[in-house]
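The values are calculated or read from the model by the stated rules, or taken from the named source; none is laboratory data. As the structure is a prediction and not an experimental result, all values here were calculated from the model. Heads up, the Cβs are rebuilt from the backbone with ideal geometry, glycines too, and the neighbour counts pull from every protein chain shown. What goes into the accessible areas is simple: the full protein's heavy atoms, side chains included, and nothing from ligands, DNA or RNA. Shrake-Rupley method; radii C 1.70, N 1.55, O 1.52, S 1.80 Å.
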Amino acid sequence: MVHTALVTGGNRGIGLEICRQLAREGHAIVLGSRDPASGKEAAADLQRAGHDVRVVALDVSDDESVRACAGDLAGAGVEVDVLVNNAGVLAEGDLLSGSPAPMDEAVAVNFLGPYRTARAFMPGMTRRGWGRVVNVSSGWGSFASGLEGPAAYAISKAALNALTVRLAREAGPGVLVNCMCPGWVRTRMGGATATRSVAQGADTALFLATLPDDGPNGGFFRDRTPEPW
Ligand SMILES: NC(=O)c1ccc[n+]([C@@H]2O[C@H](COP(=O)([O-])OP(=O)(O)OC[C@H]3O[C@@H](n4cnc5c(N)ncnc54)[C@H](OP(=O)(O)O)[C@@H]3O)[C@@H](O)[C@H]2O)c1
């Protein structure tokens, strides 16, 4: 059976590579991009390689955009079986000085974004009795690793980890929800000196998106291995 995977922020970086790897595994891809032109450009390569890729406009920080995307997909008869919440921003700044804008942005994209998409797409998975949700988090959101990195980013990713645990409890039979850290990856966010390729960064997302039915639920992973919270 062909599963359909929606990847947010699928137009570049780790998200585009997750689309590529899931397409190679035989998934139909819904590539979410807040700029549809950039999404179409990214999708063209995959389509040329013969993969089934549909581009949707999706700004995860915007309720209306998430609602419209879900409505368009439902109208087209597309059921999302796999949701990869990959879209993210590295919002930099201190907590007590400077503008509060980095916190607003980090929470809107990194935490409320996955919350919005979960509300839009997980009830369908629960109804159909099958689904996989992958939240692309970060080691910087881990208490065990000291909540390093920019404060708003770290806090928003810690909140995403908490969201993962609670969504997993509400998911219902057949739906598995997990989060993961891709490591330090060469993308616009990670920079050119990062230690990992996008293929390495996407690998654990692929693992979690294709878990067998007796796979883990509500965990945090890195390199396909459980990671301390
Ligand atoms: N790179 C690393 O070393 C690293 C390490 C740990 C975790 N991560 C996580 O991995 C994920 C992907 O990161 P990356 O390195 O691939 O970053 P990236 O190259 O900066 O790409 C970020 C993606 O998120 C999208 N995005 C940002 N805000 C959005 C919004 N409001 N709605 C929809 N899409 C939005 C961007 O779209 P636009 O093109 O429109 O901006 C882009 O597609 C993020 O969640 C990040 O926190 C990355």
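Tabulated results
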item	result
Ranked by how many other beta carbons lie within 10 Å on average, peptides 208-217, 14-23, 122-131 from highest	14-23, 122-131, 208-217
Karplus (6.51, -1.76, 1.60) ³J(HN,Hα), θ = phi - 60°, over segment 193-207, in Hz, Gly and Pro reported as x	8, 4, 8, 10, 7, 5, 4, 5, x, 7, 4, 6, 5, 4, 4
Of Gly191, Gly183, Gly93, the one that fluctuates the most in a GNM where the chain has Cα springs shorter than 10 Å	Gly191
Relative contact order, percent, the chain [alpha-carbon distance under 8 Å, six or more residues apart]	18
Inter-label distance, nm, simple model (7 Å from Cα along the C-beta direction), Glu79/Asp63	2.9
Environment charge at Thr4 (Cβ cut-off 12 Å; Lys +1, Arg +1, Asp -1, Glu -1)	0
Listed residues Leu206, Leu96, Leu160, most fluctuating in the chain (Gaussian network, C-alpha, under 10 Å)	Leu96
Estimated dipole of segment 4-226 in Debye, rounded to 20 [Cβ of Lys and Arg +1, of Asp and Glu -1, Cα centre]	340
Modelled FRET efficiency - R0 35 Å, Arg188 with Arg119, Cβ distances, 0.05 increments	0.80
DSSP-defined antiparallel bridges as percent of all bridges, the chain, nearest 5	5
Residues with amide H under 5 Å from that of Val30, placed H, sequence gap 5 or more	Ala5, Leu6, Val7, Arg54
Linear extension gain, Thr225 paired with Ser197, 0.36 nm per residue minus alpha-carbon span	8.2 nm
Gap separating the Cα centres of segment 171-207 and segment 80-125, nearest whole Å	16
Column: log10 I(q)/I(0), Debye, Cα scatterers of the chain, q = 0.08, 0.11 Å⁻¹	-0.25, -0.48
Residues of the chain: accessible area per residue with a 1.4 Å probe, Å²	46
